Amino acid sequence: MDVARRRGAHAALATTALLASALALSSAATAAPGKPGEPRYSAGAAGAGDPYFPRAGNGGIDVQHYDLDLRYTPPAPAPAPLEGRLEAVATIDLTATQDLDQFNLDLRGLTATSVTVNGKPASFTQPGDLAVERPEGSTPQPNELVITPRPKLKEGRSAEVVIEYGGTTRQPVDIEGVPYGWVTTRDGAMVASEPEGSATWFPVSDHPTDKATFTFDVTVPKGLVAVANGDLTGNATTGNWTTWSWDAPDLMAPYLATATVGNFELTEYTTKAGVPIIDAVDRDIAGTNRTTTNATLALTGKMMEFFADVYGEYPFIAYGSIVDDDSLGYALETQTRSLFSRRATEGTAAHELAHSWVGNAVSPQRWADIWLNEGWATYSEWLWAEHRGRATAQTAFENVMAIPADDEFWDVVVADPGPTGLFLAAIYDRGAATVHALRAEIGEKAFSRLTHEWVDRYDDATATTADFEALAEEVSGQELTAFFDVWLHTPGKPTAW
Ligand code: ARG
Ligand code: ZN
């Protein structure tokens, strides 16, 4: 679904971006002049119009559903190379948002072998010139699967696109060189795709503005477990292979999808509030990592109640945590099933759970808006620590403000950190400090209205920093331009606001 366009307030912005990128990227030659109302077929843009990642997402299409049928062979034991094999079929339901004679999906590092559109074979390419560099400065890799449907797709037409694809899996990295996407591990894979790593494991409109529902059938060697988003709908073993089926009916930004494979033990229960939980903990986690993880996971129900008070009812059909014995060096708020490296600590678990509301239900409209995710999730972590009788949010705020003014921490423009600055400490900690300072500025009543209304208004959709500023002004009746200028749009340590 094109969530940016589901909201009247954003329609203008989204359409402008779409048009701009369509004009820049489509081949003008395919558009023939016609009478008004006649089809004018052209190619969909190669990107959703996000300035940080111009090839992420796609123009001219709006995906409703991904059905991913994956067969995965993990690496052989060491010293065999750390490479897996993926053989897959993606069935994608989408709608044309313009008259299309061609459209793209994002696909990187894997090869498509067959494409049909509404049952008819379509020609397709993965051109070398439509590439991205991950990390920055490395060899560019093709990032676009260009599909030519016949018959052409008229605006508003829905299409079922079936893509057979596959290849060797390794350890893809993001623009900074940090592992993401389908990260092959010795006992499976850790799958964590923020910001635009979904293209490393399925053909996708890889941008938060195109949320969709998902179903998964993940077939892995018997004994391994594949854990995806949503509900577990079954597992079936045939010969030496087990297929794990998952249903994720909540709208989801593609970067939040996972299909993590490992030696997991599943634990299922329902919280007092009635939310079904499925945790997956790697059987090889032992010692303090195991005791820490167990203690953290035992708090899930309490944490969910706490954040439901802050933001409103938990927004999805299920929750749970995946704790792998392998490490990405970070955790990710994969929707309904947060993913942890080696262990789950209490603070990180609170952070990832809070992302359900801030990040997942409400997602950034452009990657420049990432502080809306990380600042709020970090502030949520502060609130949970205070609730548990540890440091207060005020103390956490003072700790940030104790960073010397000449520290490079303060050099970041929080609302525009650049594509290599998405996960800088300032996005998290100055972002959280911004929230705390705002709370003091507008008072408890307006702050509570803000947290609830933010999630209510932009649930299942995306929002910008400007939307956030406007809502803060709306709920408080205060003029906050100077405040947000200092905290979000200007580098340098805030001294007065
Ligand atoms: N959103 C994650 C968190 O803060 C961090 C993801 C980092 N991803 C990356 N590609 N470096 O919980
Ligand atoms: Zn986070």
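Taking the conditions exactly as written (free of Cβ contacts under 8 Å to residues at least 24 places away in the same chain, of a type in the set (Asp, Glu) and in contact with a helix residue (DSSP H, G or I) (Cβ under 9 Å, 6 or more places away or on another chain)), does Glu352 satisfy them or not? No, not satisfied. In the set Ala228, Ala248, Ala192, Ala236, only one residue is over 21 Å from Leu145 (Cβ atoms), surrounded by fewer than 24 Cβ atoms within 10 Å (Cβ to Cβ) and among the small types (Gly, Ala, Ser); that residue is Ala236. Answer yes or no: is there a residue in segment 336-348 that is within 13 Å of ligand 1 (Cβ to nearest atom) and within 16 Å of Val455 (Cβ to Cβ). No; the residues of segment 336-348 include none that is within 13 Å of ligand 1 (Cβ to nearest atom) and within 16 Å of Val455 (Cβ to Cβ).
Among the candidates Thr378, Thr392, Thr292, which residue alone is of a type in the set (S, T, N, Q), touching a residue at least 12 places away in the same chain (Cβ under 8 Å) and more than 15 Å from ligand 1 (Cβ to nearest atom)? Only one candidate passes the filter, namely Thr292. Restricting Glu473, Glu453 to those that are more than 20 Å from the chain's Cα centre (by Cα), in contact (Cβ under 8 Å) with a residue 12 or more places away in the chain and not in a loop (DSSP other than H, G, I, E, B) reduces the list to Glu453.
Annotation: Gly389 fulfils all but one of (1) farther than 28 Å from Val178 by Cα; (2) touching a helix residue (DSSP H, G or I) at 6+ places or on another chain (Cβ under 7 Å); (3) not in a helix (DSSP H, G or I); the unmet one is (2). Just one residue in the set Phe483, Phe423 is within 19 Å of Trp367 (Cβ to Cβ) and either open to solvent by less than 10 Å² (accessible area, probe 1.4 Å) or assigned to a loop (DSSP other than H, G, I, E, B) (or both); that residue is Phe423.
Would you be able to tell me the number of residues in segment 165-189 that are touching a strand residue (DSSP E or B) at 6+ places or on another chain (Cβ under 9 Å), within 12 Å of ligand 1 (Cβ to nearest atom) and closer than 19 Å to Asp324 by Cα? Of the residues in segment 165-189, 6 are touching a strand residue (DSSP E or B) at 6+ places or on another chain (Cβ under 9 Å), within 12 Å of ligand 1 (Cβ to nearest atom) and closer than 19 Å to Asp324 by Cα. Cβ-Cβ distances below 7 Å connect the following pairs, each with a first residue in segment 171-191 that is of a type in the set (Ser, Thr, Tyr), a second residue that is within 16 Å of ligand 2 (Cβ to nearest atom) and outside any loop (DSSP other than H, G, I, E, B), and a separation of six or more residues or different chains: Tyr180/Ala192. Is it true that some residue in segment 109-125 is within 20 Å of Tyr52 (Cα to Cα) and either touching a Phe, Trp or Tyr at 6+ places or on another chain (Cβ under 9 Å) or open to solvent by 30 Å² or more (accessible area, probe 1.4 Å) (or both)? Within segment 109-125, not a single residue is within 20 Å of Tyr52 (Cα to Cα) and either touching a Phe, Trp or Tyr at 6+ places or on another chain (Cβ under 9 Å) or open to solvent by 30 Å² or more (accessible area, probe 1.4 Å) (or both).
Condition test on Leu70, is it open to solvent by less than 10 Å² (accessible area, probe 1.4 Å) and out of contact with any Asp or Glu (no Cβ under 6 Å at 6 or more places or on another chain)? Taking the combined requirement at face value, the residue satisfies it. Kindly indicate whether Asp406 is surrounded by fewer than 16 Cβ atoms within 10 Å (Cβ to Cβ), modelled with pLDDT of 95 or more, away from ligand 1 (no atom under 13 Å from the Cβ) and outside any strand (DSSP E or B). For Asp406, the condition - surrounded by fewer than 16 Cβ atoms within 10 Å (Cβ to Cβ), modelled with pLDDT of 95 or more, away from ligand 1 (no atom under 13 Å from the Cβ) and outside any strand (DSSP E or B) - is met.
Taken together, the residues in segment 303-347 that are in contact with a strand residue (DSSP E or B) (Cβ under 7 Å, 6 or more places away or on another chain), β-branched (Val, Ile, Thr) and within 14 Å of ligand 2 (Cβ to nearest atom) amount to 1.
Of all residues in segment 331-346, at least one satisfies being within 17 Å of Tyr428 (Cβ to Cβ) and of a type in the set (A, V, I, L, M). If you check Trp201 against the conditions, is it among the aromatic types (Phe, Trp, Tyr) and under 21 Å from Tyr330 (Cα atoms)? Taking the combined requirement at face value, the residue satisfies it. Does Phe397 satisfy the criteria of being among the aromatic types (Phe, Trp, Tyr), more than 13 Å from ligand 2 (Cβ to nearest atom), part of a helix (DSSP H, G or I) and without any contact (Cβ under 8 Å) to a residue 40 or more places away in the chain? Judged against the criteria, Phe397 is not a match.
Just one of the listed residues (Val413, Val435) is of a type in the set (Val, Ile, Thr) and open to solvent by less than 10 Å² (accessible area, probe 1.4 Å), namely Val435. Within segment 175-229, being within 16 Å of ligand 2 (Cβ to nearest atom) and more than 14 Å from Arg55 (Cα to Cα) holds for Glu176, Val178, Tyr180, Ala192, Ser193, Glu194.
The values are calculated or read from the model by the stated rules, or taken from the named source; none is laboratory data. Computed from a predicted structure; not experimentally measured. When we count neighbours, we look across all protein chains shown, and the Cβ atoms used for this are built from the backbone with ideal geometry, even at glycine. Note: areas computed on protein heavy atoms with side chains; ligands, DNA, RNA excluded. Shrake-Rupley method; radii C 1.70, N 1.55, O 1.52, S 1.80 Å.
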